[in-house]
Structure formats: C-alpha cells, structure tokens
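Below: one structure, written as structure tokens.
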Amino acid sequence: MSITPLAAARPAHRTAPGFRGRIGRDARSGHYAVPHRYRLHLSTAGPDGLRLAVGHSLLGLDTRCPVTLLPAAPDCPDGGHTALRPLYEASAHHYTGPALDPVLSDDWSGRIVSTHTPDILRDLDRFRPDDRAGLYPAGLESVIEAVERMCAEGIEEAAQRAGRAGAHPEERAAALDTLLDTLGRLERRLGGEEYLADGRLTAADIELWVSLVQLDTVHRCHLDASAVHRVAGHRALWAYARRLAAHPAFGRHLDLDGIARRHHGRCQGLEAAGAAVQILDWAGHAAHTPGACRR
C-alpha cells in the first residue's frame with residue numbers, strides 16, 4: 001500500500017521541542033526501558049496529548065508507564081502548567097519558558113526525557129508488552145510518515161489557513177482546496193479498507209483520527225457552512241472516524257468540553273457559520289470506559 005504525500009513533502013510544522021531524550025534498548029542509552037521508571041504527563045484536550053493517550057492505551061502500558069492527567073486549560077499565563085514547572089526547572093538550568101505538555105519524565109531522576117510527541121510515541125511502542133501489536137510495524141514506516149505529513153500540512157495547517165480571520169479570500173480558498181484534496185485522497189484509500197495501512201491499527205490511524213477530531217471540534221468553527229458541508233461529504237472518512245471513536249482506546253479519551261475550553265482560551269479567530277454544523281456526534285459514538293489513564 002502506498003499513500004502519496006503532499007507534493008511539497010516538507011517536514012510537519014510542529015512546535016520546536018525543548019527536550020529530545022530517547023528511551024533506549026539497553027542501559028548505555030542513559031534512559032533504559034525499565035517498567036515503572038517513566039511517566040507521561042498530558043492533557044487529552046490537546047491534540048498531542050490525545051495522540052499519546054490513545055497510543056498508550058493501545059499498547060497496554062497502564063502499569064509499565066503511568067499517566068498523570070493535566071487540566072484541559074493550562075493554569076499559567078504563558079500557556080504552561082504549574083504542575084510541570086518542577087520538572088522543567090530540574091531539567092534545564094534557569095529555565096524561563098512555559099511548562100508545556102505533553103511530557104515524558106523519568107521518575108528516578110525527576111527530570112524530563114522528552115517533550116517531542118512523535119519520539120515519545122515511537123519509544124512507547126518499543127516499550128510495549130510482548131503480547132501487544134506494535135504501532136510502527138516493520139515495512140510501514142514510510143506510509144506512517146506520509147500520513148503524518150498529510151495530516152499536519154494537508155489537514156491541520158490547511159484548515160487553520162482556510163479559517164484564518166483577516167486572510168485574503170484567495171488565500172483561504174487555496175487552503176480549503178488543499179484541505180479538500182487531502183481529505184479526498186484519504187477518502188479514496190478508506191473506501192474499501194478498515195485502516196490506513198496493511199489492514200491493522202497503526203500510528204497512522206492515531207494521527208488521522210486525532211486530526212479529524214481537531215477538524216470537527218476546533219477548525220470547523222472558523223469555516224463557513226458551505227466549506228463544512230464539503231468537508232462532511234467524505235463519507236468513508238467520517239465513517240472511519242466514527243468507528244474508531246467507538247474503540248475503547250480512542251473514544252474514552254475524548255474530552256470534548258476540555259477541547260472546547262482549550263480552544264476558546266487560545267483562539268483569536270472569528271467564529272464562522274460552520275460553527276453550527278457539527279459533522280459527527282462524537283459524544284454519542286465514543287466509548288467511555290473508566291480507567292483509561294491512571295493518575
């Protein structure tokens with residue numbers, strides 16, 4: 001199976017991480033993969049936190065790597081979390097930046113291993129119990145990376161540009177075309193398939209599902225009603241999103257109220273007519289099972 005990335009094929013535009021440590025396969029790495037040593041700190045109201053929460057559940061890491069859940073809305077003026085400040089200050093001398101989530105920390109040292117979501121998810125994949133299927137199967141790395149680029153550039157960035165307040169109409173129209181083209185490619189792939197790669201759940205499905213959640217709960221609010229109807233017309237894509245929402249590892253982590261609070265706390269754009277046109281009833285489809293993440 002092949003998925004053609006966007007023509008530009010640039011790396012995904014994400015916030016530059018402050019820490020990029022890795023969990024290694026042996027003791028020489030400095031961060032040896034020992035159960036109960038590491039901890040995730042995240043808010044599922046943010047897309048990266050939601051990605052990690054879903055991956056963590058699929059990999060069955062509740063006892064190996066506990067999760068500390070953070071409030072949906074950061075409690076610091078700079079967008080950081082007070083609860084994470086000690087970790088940042090212990091990890092960087094005279095740290096003055098925001099204490100952002102998500103964070104993978106080392107309970108042995110009280111310091112941060114990484115704040116870079118793609119690295120964290122890949123390291124957790126190697127940390128899984130032997131009886132769990134991996135999220136990055138051998139031979140599918142290029143497919144997963146292509147989906148990551150498509151989601152970052154063709155869905156999230158394009159949707160932001162298409163709904164940006166004050167942007168020139170031609171710029172917004174071009175961005176909407178990019179968004180619809182990307183959704184169309186994914187629609188054609190999912191027309192006869194349950195998952196994106198090799199008939200099984202992988203990190204590509206986590207990436208796309210979270211991007212669709214963001215598209216319907218956040219970016220939709222800044223699009224006009226006509227644009228939202230065109231986005232909603234990709235029936236196979238939204239049926240896929242609905243099906244995954246019913247999966248316990250996905251739907252139980254949906255914090256719709258938290259996503260809305262986080263969005264309203266950060267957003268400076270104008271609400272458009274599309275705000276009234278919800279594509280999926282996420283709450284109705286989501287599987288809410290207690291105990292998804294342990295504090």
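From the Cα gyration tensor of the range 216-267, with a ≥ b ≥ c the square roots of its eigenvalues, which class applies: rounded if a/c is under 1.5, or else prolate if a/b is larger than b/c, or else oblate? Oblate is the answer for the range 216-267, as a/c is 1.5 or above yet b/c matches or exceeds a/b.
Cα centroids of the range 95-168 and the range 28-57: 10 Å apart. Compute the angle between helix 235-245 and the longest alpha-carbon principal axis of the chain, please, reported from 0 to 90 degrees and rounded to the nearest 10. Tilt of helix 235-245: around 30 degrees.
Answer rounded, prolate or oblate for the range 103-226, using the Cα gyration tensor with square roots of eigenvalues a ≥ b ≥ c: rounded when a/c is under 1.5, else prolate when a/b is larger than b/c, else oblate.
Working: a/c = 2.93, a/b = 1.53, b/c = 1.92.
Note, shape of the range 103-226 comes out oblate.
What angle do you read, to the nearest 10 degrees and between 0 and 90, between the alpha-carbon axis of helix 47-58 and the longest principal axis of the chain? So the helix axis and the longest Cα principal axis differ by about 60 degrees. In plain terms, the chain from residue 181 to residue 229 could stretch by 15.8 nm, reckoned as 0.36 nm per residue minus the Cα-Cα distance. Between residue 141 and residue 257, the distance separating the two model label sites (each 7 Å from Cα on the Cα→Cβ line) works out to 4.4 nm. Within the accessible surface of the range 15-100, defined with a 1.4 Å probe on protein heavy atoms only, the carbon and sulfur portion equals 55 percent. Per residue, the range 164-280 exposes an accessible area of 45 Å² to a 1.4 Å probe, with every protein chain left in place.
Given the rule -39500 (n - 2.57) for each run of at least 4 DSSP H residues, summed and divided by the residues of the chain, what is its mean residue ellipticity at 222 nm, to the nearest 500 deg cm²/dmol?
Using -39500 (n - 2.57) per qualifying helix, the result is -11500 deg cm²/dmol.
The residues of the range 41-128 expose, per residue, 36 Å² of accessible area to a 1.4 Å probe.
Counting only alpha carbon atoms, the long axis of helix 169-190 and the longest principal axis of the chain meet at about 70°. Rounded if a/c is under 1.5, else prolate if a/b is larger than b/c, else oblate: which is the range 17-119, with a ≥ b ≥ c the root eigenvalues of its Cα gyration tensor? Oblate shape, in that a/c is at least 1.5 and b/c is the bigger or equal ratio. Loop sites by DSSP among the GluC sites (Glu not before Pro) of the chain, restricted to those with at most 14 other Cβ atoms within 10 angstrom, leave 1-192 as the longest stretch without any of them. The convex hull around the C-alpha trace of the chain, projected and averaged over every direction, spans 15.4 square nanometres.
In a fully extended conformation the segment linking residue 243 and residue 168 would gain 23.3 nm over its present Cα-Cα distance, using 0.36 nm per residue.
Working from label points 7 Å from Cα in the Cα-to-Cβ sense, the residue 132 to residue 95 distance is 2.5 nm.
The values are calculated or read from the model by the stated rules, or taken from the named source; none is laboratory data. As the structure is a computational prediction, the values presented were derived from the model and not from experiment. Note that each Cβ is placed from the backbone with ideal geometry, even for glycine, and that neighbours are counted across all protein chains shown. Just so you know, the surface numbers come from the protein's heavy atoms only, side chains and all, with ligands and any DNA or RNA stripped out. Shrake-Rupley method; radii C 1.70, N 1.55, O 1.52, S 1.80 Å.
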